[in-house]
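Here's the structure we're looking at; comments come further down.
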Amino acid sequence: MSSRGPNAPAPSKGSRKPTANIRAAHHVAPLRHVVPSAQDFDTSYSIEARKYLMTYGLTPPAVETFENQAKRCMAILNRKELPLEKYRYLSALRNTNMHLFYRLLADNVKELTPLIYTPTVGEACQRWSELYTFPEGLYLSYADRGHLHTILQNWPHEVQITVVTDGSRILGLGDLGIDGMGIPVGKLSLYTACAGIHPLMTLPLCLDLGTSNVEKRNDPLYLGSRRDKVTAEEEKEFLDELMAALTERWPGIVIQYEDFKNPFPSLERYQETYTMFNDDIQGTGAVILGGFINAVKQSGTAPQNQRAVFLGAGSAGVGVAKQLTEFFMKEGLSEDEARKRFWLVDSKGLVTMDRPGELAEHKVYFARDDNNGEQYKTLEDVVEYVKPTILMGLSTIGGAFTPKILERLAELNERPVIFPLSNPSSKSECTFEDAIKYTKGMCLFASGSPFPTLQWQGKDLVPGQGNNMYVFPGIGLGAILSKSVSVTQNMIYASAEALSTSLTPEEVESNWLYPNISRIRDVSVIVTRGVIRAAQGDGVDRELALRNVSDEEMDQFIRHRMYDPFKEQDHVSQEVRELAQHVLGAQITSEGKISGGATNGKL
Ligand SMILES: NC(=O)c1ccc[n+]([C@@H]2O[C@H](COP(=O)([O-])OP(=O)(O)OC[C@H]3O[C@@H](n4cnc5c(N)ncnc54)[C@H](O)[C@@H]3O)[C@@H](O)[C@H]2O)c1
Ligand SMILES: O=C(O)C[C@H](O)C(=O)O
Ligand SMILES: [Mg+2]
């Protein structure tokens, strides 16, 4: 039984008391006919709750505390050696006891995030069909076109937010077709863990639009259709139907695009018509800007003296460069001056106007015209030519920042900014250890996937994690709570600014670029507030009552609306107690036994 799938309990609006409400709806029918959901077997449920839910005897006798449950889960997890085994255990837990899963995650964000998200989710996707166990989301195939709205009716829950991929660029691992489903599942788990969006109101959505991955197509276990990738025109028509169908089925739904090979056309096409954003272009741009604002404060280099070399000129590279351009403009540079601070490098070398061959449209804005006909092919050559203050990696090429390049950056700058941002860890352009070693501890560092803390000259050095998980939960929650008709560029920019202000004085003192991930829920409140305020500024909000509240009241409101697995689990026992008294006329004795009423103390 999947926590999000057809057998999962439906959340009620507002108070969200899934299990008990289902029972209430069925109270006139004989209770035996109600099939318990996986969640009903929680070992922390009281005896009276079990009797009422008709699960008494179906769970082991002990009534456990959460602490005990958590101890068992962590012990099981720690006994497993491989990260992928841990991932699978945690998936099973989410699918059988989602409140416990999210409690565990809330208490151990730093430890568990790398297991449910990057880097482990990369391996899970590579082997998704091979290890398939639960549906976990919705699959829509190209062959389903013309019927998408009807198929969406099969999803049994109200949906506030969906993450949609076609699997064509999963992290830096290439086209994985429908095996990319792990990404929407992982991102939406983070929406719940970081921003408290109710898990049952999230929809992981994987589009089966064919795959260019021949190995997958020839694999007998592959669970997608065995056709080549549809054309750009076919994809456009399919997405047109999808966007209309999603919004008709769930008006107000927020749609996050994720890990598409070429996401620029859809962002341009839908961003003003639907409440949507692209995480790889916009979320990444915002998260890197958030860390960069803090890096600039520490490096002391003024915007007009910054020279940024980007290895990778795809959706993430261009998204980040655009966001930093906007920042430089706000700092006083003209658009042209700001744009000229960037040198983008792709698989063919430095992106210039006059290099032979076709130049993709999204690269034109940053293409250099001051290279005097010279074409620089390697990163080393570009570094020598540009003498950068900043080196960003969004190339999917693990190890591309060689020791030689890192040493050169350290020679050129007192505090070079080095951000190897490709995911998963195997694709990171360098490790934290190498960055520290070859810059003699002087670089300002953030990576896309996590690296461990390092001992350097008797001090603990903590790497920053420049991953869009710091912002997308707040962008999504901000759009939901403000009921925005669209997600504007100002909302995205506001998420970055808010993130940069979310560090504690101790974190600032320790020169961190990003806040401690363990505080992600507090950070998401700040980001959400920034996003809502920007939506109000742009007049795209429909929740007008929020316009007049103070920041403190806004934060309270946001927190109040966040799903809290701790309360939720306790709620069930409390609610069942109340319902048992009300519906059955039963009394709960001080020892927790049921007396009188329809059950008359019997099971
Ligand atoms: N840290 C984050 O939050 C974050 C967010 C989004 C994407 N990413 C990561 O960034 C990477 C790129 O994502 P994307 O969406 O831009 O992908 P993409 O496919 O759109 O772009 C990849 C870019 O890298 C270039 N490239 C490929 N091989 C190269 C080589 N040998 N030398 C130089 N350049 C080369 C390509 O030409 C292209 O410009 C992925 O690994 C992804 O996981 C990280
Ligand atoms: O998924 C991530 O960890 C970040 C980003 O969206 C990516 O595509 O790499
Ligand atoms: Mg992504």
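Every number in this text was worked out from the coordinates using simple rules, so none of it is lab data. None of these values were measured; they are calculated from a predicted model. Glycine gets a Cβ as well: all are built from the backbone with ideal geometry, and neighbour counts include every protein chain shown.
Neighbour counts of other C-beta atoms within 10 Å: give me Met442, Met491, Met353 arranged from fewest to most.
Numbers: Met442 16, Met491 29, Met353 12.
The order, fewest Cβ neighbours first, is Met353, Met442, Met491.
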Rank by packing, highest mean first: peptides 278-284, 463-469, with packing defined as the count of other Cβ atoms within 10 Å averaged across residues. 278-284, 463-469
Angle check, please: helix 83-96 long axis (alpha carbons) against the longest principal axis of the chain (alpha carbons), in degrees 0 to 90, nearest 10. 40
Percent antiparallel among DSSP beta bridges confined to the chain, rounded to 5, stands at 20
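Taking Cα pairs under 8 Å and at least six residues apart, what relative contact order does the chain come out at, in percent? Write out the running numbers ahead of the final one.
Details: 1087 pairs, mean separation 86.7, N = 603.
Averaging sequence separation for qualifying contacts and normalising by length gives 14 percent for the chain.
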Tell me the GluC sites (Glu not before Pro) within region 380-459 that lie in a loop according to DSSP and have at most 12 other beta-carbon atoms within 10 Å. Glu414
Quarter of the surface of the C-alpha convex hull for the chain, i.e. direction-averaged projected area in nm², equals 29.1
Return the subset of Lys297/Lys330; Lys427/Lys459; Lys363/Lys404 for which the Cα-Cα distance in this structure is over 19 Å, preserving the input order. Lys427/Lys459; Lys363/Lys404
Relative to the longest principal axis of the chain, what angle (0 to 90°, nearest 10) does the C-alpha long axis of helix 315-330 take? 70
With a 26 Å threshold on alpha-carbon distance, the violating pairs from Lys236/Lys340; Lys261/Lys437; Lys387/Lys440; Lys322/Lys387 are Lys236/Lys340; Lys261/Lys437
Karplus 3J(HN,Hα) series, Hz, for region 443-460 with 6.51 cos²θ - 1.76 cosθ + 1.60 (x for Gly, Pro): 6, 9, 10, 8, 10, x, 9, x, 10, x, 4, 10, 8, 9, 6, x, 10, 7
What are the GluC sites (Glu not before Pro) within region 233-280 that DSSP puts in a loop, where the Cβ has at most 14 other Cβ atoms within 10 Å? Glu272
Under-5 Å amide H pairs with Asp346, H placed in peptide plane, nonlocal only: Gly312, Val351
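Can you tell me the relative contact order of region 129-274? Whole percent, Cα pairs under 8 Å, sequence separation 6 or more.
Over region 129-274, the number comes to 33 percent.
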Karplus (6.51, -1.76, 1.60) ³J(HN,Hα), θ = phi - 60°, over region 488-494, in Hz, Gly and Pro reported as x: 8, 4, 5, 5, 5, 4, 4
Restricting to DSSP loop positions (anything but H, G, I, E, B) with no more than 13 other Cβ atoms inside 10 Å of their own Cβ, which GluC sites (Glu not before Pro) remain in region 116-179? Glu130
May I ask for the angle, rounded to the nearest 10°, between helix 520-538 and the longest principal axis of the chain, with both axes built from Cα atoms and the value confined to 0 to 90°? 70
³J(HN,Hα) computed for each position of region 100-111 - Karplus, 6.51 cos²θ - 1.76 cosθ + 1.60, integer Hz, glycine/proline x: 5, 4, 6, 5, 4, 5, 4, 7, 9, 3, 5, 6
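Taking every pair of distinct Cα atoms and averaging 1/r, then inverting, what Kirkwood hydrodynamic radius in Å comes out for region 284-467?
For region 284-467, inverting the mean 1/r across all distinct Cα pairs yields 16.3 Å.
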